[in-house]
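Taking it in order: structure first as structure tokens, then the write-up.
The values are calculated or read from the model by the stated rules, or taken from the named source; none is laboratory data. The model shown is predicted, which means the values in this text are computed figures rather than measured ones. Quick reminder, even Gly has a Cβ in these numbers, built from the backbone with ideal geometry, and neighbours come from all protein chains shown. Side chains included, ligands, DNA and RNA excluded: accessible areas come from the protein's heavy atoms. Shrake-Rupley method; radii C 1.70, N 1.55, O 1.52, S 1.80 Å.
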Amino acid sequence: MYTLDTLPFQNRFAQLPAHFYARVRPTPLANAQLFSFNAAAAQLIQLDPREAQNPAFTAYFNGERAWEGTQPISMLYAGHQFGTYVPQLGDGRAIILGETQGWELQLKGSGPTPFSRFSDGRAVIRSTVREYLCSEAMQALGIPTTRALCMLVSDEEVYRERLEQGALLVRMSPSHVRFGSFEVFFHRRQYEQLKQLADFVLANHFPELQSTAEPYLGLLETVVKRTARLMAQWQCVGFAHGVMNTDNMSILGLTLDYGPYGFLDVYDPGFICNHTDQAGRYAFDQQPSIGLWNLNALAHTFLPLLAEDPDEAVEKARSALLQYQAEFDQAWLTGMRAKLGLQQAVETDEGLIADLLIKMQQNLVDYTIFFRRLSKLGLQANQSESTLRDLFVERSAFDAWAIQYRERLLQEQSVDIERQARMQQVNPVYILRNYMAQQAIAKAEQGDASEVDLLLKLLQQPFTEQAGMESYSDHPPAWADSISVSCSS
Ligand code: AMP
Ligand code: MG
């Protein structure tokens, strides 16, 4: 275990030449306080959790005290935002303090950087609570994601749609490199830097690819497959990211940059969680194809690396992209079969799943509640089944599907208690619904961390029914419909 003073730092990204980032110092928030601490993330860097009580903790993460051995930087990147190329973005409000034991510690909301353009470089309580809770919830759901060590709140006034309080998230990730990190050099025709970046990612995150015949192609294929699997996991759990711009796409296939995300309540494939996305570019059911669109933008940047002959390079990029669909389909079908408790793969399964999803949509069925209750269904009808069929406006729609489903279970001689146990490991009881985050934010804005801490604990065990927490596994309250989330954060 390390203390704050013994935590060993390096920063491999900061060893790259200067045009990859800007060296920056955090601007401390006024009167910052540690608001919530996540011991699970501290464990990843072997930081003694008792250090959360050390007054130096806030001083270090608020940038009042500089850590020996750290080389704080903000990364340069570009990106396609809502389909349009923006030639220069970069960490406008984030600073990577340094790296410890393979994890980059990034301050999000730590003040202006050379990439801030005309913004203040700050984050508010609202967005910070949302990212803090959701990244840890995703981790517990088994979905690749960046992590969160803690959040600070302050007295600093930050103006968004209204006056809000400045806050800061300490994010952790093995790498914060994005698709947009490659795009910036490709579009500037800085191919030497492009190659350096690819070599950096290979050496530090995919060393096993370095000795292969075509490391760059291997890297591209790996990102294609990881992204495909990530999209499948989002779709299976009912997560909508909300801003799938290429600058928010992780080269490691992690869920990155939690903004106006949302989990499905009723199953609505056209669900748009970001109210500024009126055209629905990033609607729930668009995510798999947007994942491919974004990979296409990334693959473009790989062309100079893949072959000298442009036609050959295009052919290689194309071959990598062609693996996306099969990888996604397979991961999605495997995920959905697991949600249904099916162990064998039968050709009719896709039809069975499609039929269920259509019925759920038509009958306004809550996605998470349905699968959790389905995890208790037996081969023989029993009393608890009524709570499942009551989710459907037309009960007969469920009954008709349940006949098919039970036949399918019999076909593989499914055993109730075994299947139910398996299903309860993949169908969560608790997800972070918007209203839950909203309640935690409202308290946080009053200086009360209790709901943030309670939700963190709850969501770190999403598959376990916890005593006294029944309301969190229930339908959202009616007022939840009025919550609107946007990019403004
Ligand atoms: P996002 O929509 O959060 O992914 O951010 C898109 C870009 O805007 C990134 O380059 C961010 O660093 C930048 N950005 C967002 N909010 C701020 C802010 N308050 N101050 C400076 N830059 C920001
Ligand atoms: Mg972003």
Return one number: the angle in degrees, 0 to 90 and rounded to the nearest 10, between the long axis of the Cα atoms of helix 323-340 and the longest principal axis of the Cα atoms of the chain. 50
Of the listed links K359/K443; K108/K225; K225/K443, those spanning more than 32 angstrom between alpha carbons are K359/K443; K225/K443
Under the Karplus relation 6.51 cos²θ - 1.76 cosθ + 1.60, θ = phi - 60°, what is the ordered set of whole-Hz ³J(HN,Hα) values for segment 154-165, x standing for Gly and Pro? 9, 8, 5, 8, 10, 9, 10, 6, 9, 6, 10, 8
Report, in deg cm²/dmol and to the nearest 500, the calculated mean residue ellipticity at 222 nm for the chain, where each DSSP H run with n ≥ 4 adds -39500 (n - 2.57) and the sum is divided by the residue count. -13000 deg cm²/dmol
Any chance you could give the angle, 0 to 90 degrees and rounded to 10, that helix 349-362 forms with the longest Cα principal axis of the chain? 90
Would the chain count as rounded, prolate or oblate if I go by the C-alpha gyration tensor, calling it rounded below 1.5 in a/c and otherwise prolate when a/b exceeds b/c, oblate otherwise? oblate
Helix 191-205: angle to the longest alpha-carbon principal axis of the chain, degrees 0 to 90, nearest 10? 60
Please list, ordered by chain and number, the residues whose modelled amide H lies under 5 Å from the amide H of R178; skip anything fewer than 5 residues away on the same chain. I251
Between V124 and residues 5 or more places away or on another chain, the pairs with built amide H atoms under 5 Å apart involve A167
Could you give the nm distance between label points at T3 and I483, where each point is 7 Å from its Cα heading toward the beta carbon? 4.1
For the full complex of protein chains and a 1.4 angstrom probe, list W103, W293, W234 by accessible area with the highest value first. W293, W103, W234
Which whole-Hz ³J(HN,Hα) couplings does segment 50-59 yield from phi under the Karplus relation 6.51 cos²θ - 1.76 cosθ + 1.60, θ = phi - 60°, glycine and proline marked x? 5, 5, 4, 7, 6, x, 5, 4, 5, 4
How big is the gap, in Å, between the Cα center of segment 438-468 and the Cα center of segment 149-228? 29
Averaged per residue, what accessible surface does segment 1-152 expose to a 1.4 Å probe, in Å²? 37
Give, in nm to one decimal, the length gained when the segment between R395 and Q278 is fully stretched (0.36 nm per residue of separation minus the Cα-Cα distance). 38.8 nm
Sequence of T464, T113 from largest to smallest accessible area, 1.4 Å probe: T464, T113
Order the peptides 46-52, 105-111, 479-485 from the highest to the lowest mean number of other Cβ atoms within 10 Å of their residues. 105-111, 46-52, 479-485
Peptide ranges 327-336, 186-195 listed from the most packed, as the mean C-beta count within 10 angstrom indicates: 327-336, 186-195
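Carbon and sulfur together cover what percent of the accessible area of the chain at a 1.4 Å probe radius?
The value for the chain is 50 percent carbon and sulfur by accessible area.
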For segment 177-243, what is the accessible area per residue in Å², given a 1.4 Å probe and the full set of protein chains? 34
